[in-house]
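Participant: Encoded as structure tokens, here's the structure I'll be asking about.
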Amino acid sequence: MMNLNETAAPGSKQLSSVRRVNFLTGVLVGTLMAVVMSGFITAVSTGIDAALFTRWLSAFGPALLAAVPLALFVSPRARRLAERLVR
């Protein structure tokens, strides 16, 4: 499989695979961030008790709707910035 830093010819299967990996990475990062941040913020702001899971679930949905598109938008730009910084 092609390294994400390599270039592929337009229309090639490798380019399609790189795009799928980038998309899936954004979805996974956004989902993980939504889980962690909504859980942490809910626990800190409302306390840990028997109803925490229910409160967390109600916070998770909006967090997911914000985090996944943001991760998909920011990830490529952050990757380019990181590549510039390490040169």
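Readers should treat all values here as calculations from the given coordinates under stated rules, not as data from a laboratory. What you see is a predicted model, and the numbers here were worked out from it, not measured in a lab. In this analysis, Cβ positions are derived from the backbone assuming ideal geometry, glycine residues included, and neighbour counts consider all displayed protein chains.
Participant: Pull out the extension gain between Ser16 and Val86, defined as 0.36 nm times the separation in residues minus the alpha carbon to alpha carbon distance; nm, one decimal.
Facilitator: Full-extension gain reported as 22.5 nm.
Participant: Here's another thing I want to ask about it. What is the pair-distance distribution P(r) of the range 32-85, computed from all Cα-Cα distances in 10 Å bins starting at 0, with each bin given as a whole percent?
Facilitator: Distribution as computed: 24, 38, 23, 13, 3 percent.
Participant: In nm, give the distance between the simple-model label positions of Val35 and Leu57, each being 7 Å from the Cα along the Cα-to-Cβ direction.
Facilitator: A separation of 1.6 nm, rounded to one decimal place.
Participant: Per residue of the range 46-59, what does 6.51 cos²θ - 1.76 cosθ + 1.60 with θ = phi - 60° give for ³J(HN,Hα)? Whole Hz please, x for Gly and Pro, Karplus curve as stated.
Facilitator: 10, x, 9, 8, 5, 8, 4, 4, 5, 5, 5, 4, 6, 7
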